[in-house]
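Take a look at the structure below.
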Ligand code: FE
């Protein structure tokens, strides 16, 4: 087999372009009862992470934390109607096609982090917006019992709590975060693999020559 035949070929579109496309289209939707769009909310969260000195992977996680509202089969609107769309999990699973756990797991845990902080931090729940309080109930309410230890056992629990605070604060209609293009290079540098979407080039057909 020649080296060309051994090379896997990526069949999906470039991940950064796909994500940019989602920001440019569904990102214009209202962010679930908040006075900002989905894209503005995620850009604000990433900008706050940057200003807070987060590493690149966590800035990317903040930027992408709600991508599950775009990619899941149950929408964010369904969440606001009382059906948990589990967007943290659908988003993390979708991102795992390309990104490692340092990006995907804070995304996966950002709803759990809200439930955790409501359980352990006096006054935290009072800082949540009315929409976030509403979705807290749909998402299971404050953590109880063994859930707390399970959450803190994750190596990404602390990162998820940091992300959660940027998420909670990223609902300011007056904020002017940088545009998506500001984060393109960061995202491209974090793409680890074209996983699950690999295909092999077809073997050369000896009957047809090369
Ligand atoms: Fe969010």
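Would you mind stating whether residue 147 is more than 16 Å from the ligand (Cβ to nearest atom) and surrounded by 15 or more Cβ atoms within 10 Å (Cβ to Cβ)?
yes
Run residue 130 past the list (1) surrounded by 12 or more Cβ atoms within 10 Å (Cβ to Cβ); (2) modelled with pLDDT under 95 and report the number of the one that doesn't hold.
Among (1) surrounded by 12 or more Cβ atoms within 10 Å (Cβ to Cβ); (2) modelled with pLDDT under 95, the lone unmet condition for residue 130 is (1).
Which ones in the stretch 147-160 are in a helix (DSSP H, G or I), over 24 Å from residue 30 (Cα atoms) and in contact with a helix residue (DSSP H, G or I) (Cβ under 8 Å, 6 or more places away or on another chain)?
Selection gives 147, 148, 151, 152, 157, 159.
For the stretch 88-102, check the following and say yes or no: at least one residue is within 23 Å of residue 140 (Cβ to Cβ), at pLDDT below 95, in a loop (DSSP other than H, G, I, E, B) and within 15 Å of the ligand (Cβ to nearest atom).
no
Report yes if residue 62 is at pLDDT 85 or above and either at positive phi or within 11 Å of the ligand (Cβ to nearest atom) (or both), otherwise no.
Details: at pLDDT 85 or above: yes; either at positive phi or within 11 Å of the ligand (Cβ to nearest atom) (or both): yes.
Yes, satisfied.
Report every pair of residues separated by at least 6 positions or lying on different chains whose Cβ atoms are under 7 Å apart, first residue within the stretch 27-43 and under 12 Å from residue 67 (Cβ atoms) and in a helix (DSSP H, G or I), second within 12 Å of the ligand (Cβ to nearest atom) and modelled with pLDDT under 85.
Matching pairs, first to second residue: 38/31; 41/31.
Would you confirm, using the coordinates I've provided, whether residue 53 is in a loop (DSSP other than H, G, I, E, B), more than 12 Å from the ligand (Cβ to nearest atom) and surrounded by fewer than 16 Cβ atoms within 10 Å (Cβ to Cβ)?
Against the criterion (in a loop (DSSP other than H, G, I, E, B), more than 12 Å from the ligand (Cβ to nearest atom) and surrounded by fewer than 16 Cβ atoms within 10 Å (Cβ to Cβ)), residue 53 qualifies.
Just to be sure, is residue 80 touching a residue at least 12 places away in the same chain (Cβ under 8 Å), surrounded by fewer than 17 Cβ atoms within 10 Å (Cβ to Cβ) and either more than 15 Å from the ligand (Cβ to nearest atom) or within 16 Å of residue 132 (Cα to Cα) (or both)?
Values: touching a residue at least 12 places away in the same chain (Cβ under 8 Å): yes; surrounded by fewer than 17 Cβ atoms within 10 Å (Cβ to Cβ): yes; either more than 15 Å from the ligand (Cβ to nearest atom) or within 16 Å of residue 132 (Cα to Cα) (or both): yes.
Yes.
Among the residues of the stretch 113-124, count how many are surrounded by fewer than 23 Cβ atoms within 10 Å (Cβ to Cβ) and within 16 Å of the ligand (Cβ to nearest atom).
Summing the residues that are surrounded by fewer than 23 Cβ atoms within 10 Å (Cβ to Cβ) and within 16 Å of the ligand (Cβ to nearest atom) in the stretch 113-124 gives 4.
Just give me the residues in the stretch 118-135 being farther than 16 Å from residue 88 by Cα, assigned to a helix (DSSP H, G or I) and either touching a helix residue (DSSP H, G or I) at 6+ places or on another chain (Cβ under 8 Å) or without any contact (Cβ under 8 Å) to a residue 60 or more places away in the chain (or both), in sequence order.
Matches in the stretch 118-135: 118, 119, 120, 125, 126, 127, 131, 133, 134.
Of these, 168, 172, which one is assigned to a loop (DSSP other than H, G, I, E, B) and at negative phi?
172
The values are calculated or read from the model by the stated rules, or taken from the named source; none is laboratory data. Here the structure is a predicted model, which means the values were calculated and not measured. We place every Cβ from the backbone using ideal geometry, glycine too, and count neighbours over all the protein chains shown.
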